Ligand code: PMP
């Protein structure tokens, strides 16, 4: 039943005027929109006067809480000094130079070059255009195809949506031609009867190699992967996966671009997910925690070889004809500098490492819940996948919307967490402690019990 809204209320105004994205409309009509007014620490407050523990850090990005004074001060100071600029015509804000330097310093690269965007989607688009331009400049215009993986998430612009391995992009007639999707390395879900994890991983690598050979290695421009698939439902790779696929890519001269929009700056317990999984990337895509979400900012960080090749390609045609009005926005860059300082130098990453074992302990315990299928995660990102039948891993009938029901029952407890497919996802801010983790998991358990009872009835 549709929830009625008082005329002129926030809810009524939102329902009449806002085109909501990535929103389940039956749920929206039933529950109404949630209009938030402010946040404090790890909590958010809405127009109805309720408060919520935000177990999703906004959208994986607000890792330092909602009221970090250092970030606010950095933002205000930069706004006073130089509130806006672009990065065209050889002109750029001093702050954007500083952040470029800093990003290379904290990257796995000895030298590099940074290109700023406003979002992760734009950064992935930018990287693809760079690959296309480099290859054309080097006389290999046929090297254009991009490989990503089923269930991956790389963004929503036409190119990054084509990279994203989700079925909903069919509604836009995507992917564009030349965007290929390799297997999703989720052993628990896609491992075959009697197949060991090592065998599964070997199959992933074999299938990737077959895909490359079928398409023609000389037609492939790059392989993009999230170290841990985030919006696919927090899927850490099967054991040995990156060790197995990197030699395949190397053998065929295919660059590896690590999409660190979620994993970057500490989510997996290291600065980069690439570090956690022994990935040797040619470039890194960053966003989200790069500014703790306080300003929109994305970055392409080119490693040594790419930086040289890209510069040479641009010199050849005397330009890199690409850029956004707000590329290298000085306020975003000032916030980025401060965010890196807070996360890497003021102990936030250390806190992730410290509390991760407790986070994982409570997460893993959820697998024993009657609804629990697989509990999986790393660092401070986790998911509980629910199942109708444990032994066979049979998923619930999609029409039952079980993960949505759990997330809604969490909201009723004052906890924001996110349903993704048949999983509920937790990616709390880096400032959590054990008491807050207990509150989060206790609320989730209560919600799971309520939904389990409802399903029984
Ligand atoms: N890559 C990954 C891995 C992401 O998780 C996201 C966003 N969730 C994006 C790219 C796109 O970033 P944005 O929403 O800033 O465009």
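Things to note:
- Screening residue 402 against (1) under 28 Å from residue 291 (Cβ atoms); (2) modelled with pLDDT of 95 or more leaves a single unmet condition, (1).
- The listed residue being surrounded by 14 or more Cβ atoms within 10 Å (Cβ to Cβ), over 21 Å from residue 22 (Cα atoms) and within 16 Å of the ligand (Cβ to nearest atom), out of 95, 126: 126
- Members of region 243-260 found to be outside any helix (DSSP H, G or I), more than 16 Å from the ligand (Cβ to nearest atom) and under 19 Å from residue 272 (Cα atoms), listed by number: 255
- Those residues of region 291-311 which are touching a residue at least 40 places away in the same chain (Cβ under 8 Å), closer than 16 Å to residue 100 by Cα, out of contact with any strand residue (DSSP E or B) (no Cβ under 8 Å at 6 or more places or on another chain) and away from the ligand (no atom under 14 Å from the Cβ), in sequence order: 304
- Residue in region 256-266 that is over 21 Å from the mean Cα position of the chain (by Cα) and touching a residue at least 40 places away in the same chain (Cβ under 8 Å) present: no
- Here residue 20 meets each of (1) within 16 Å of the ligand (Cβ to nearest atom); (2) in the same structural domain as residue 432 (by TED's automatic domain parsing) with one exception, condition (2).
- Residue 278 vs. criteria part of a loop (DSSP other than H, G, I, E, B) and more than 16 Å from the ligand (Cβ to nearest atom): yes
- Yes/no for residue 180 being within 16 Å of the ligand (Cβ to nearest atom), outside any helix (DSSP H, G or I), in contact with a helix residue (DSSP H, G or I) (Cβ under 7 Å, 6 or more places away or on another chain) and within 18 Å of residue 259 (Cβ to Cβ): no
- Any pair with Cβ under 6 angstrom, 6 or more apart, that starts in region 372-398 at a residue that is farther than 14 Å from residue 424 by Cβ and ends at one that is modelled with pLDDT under 95 and loosely packed, with under 15 Cβ neighbours inside 10 Å: none
The values are calculated or read from the model by the stated rules, or taken from the named source; none is laboratory data. If you're wondering where the values come from, they're calculated on a predicted model, not measured in any experiment. Backbone-built Cβ (ideal geometry, glycine too); neighbour counts: all protein chains shown.
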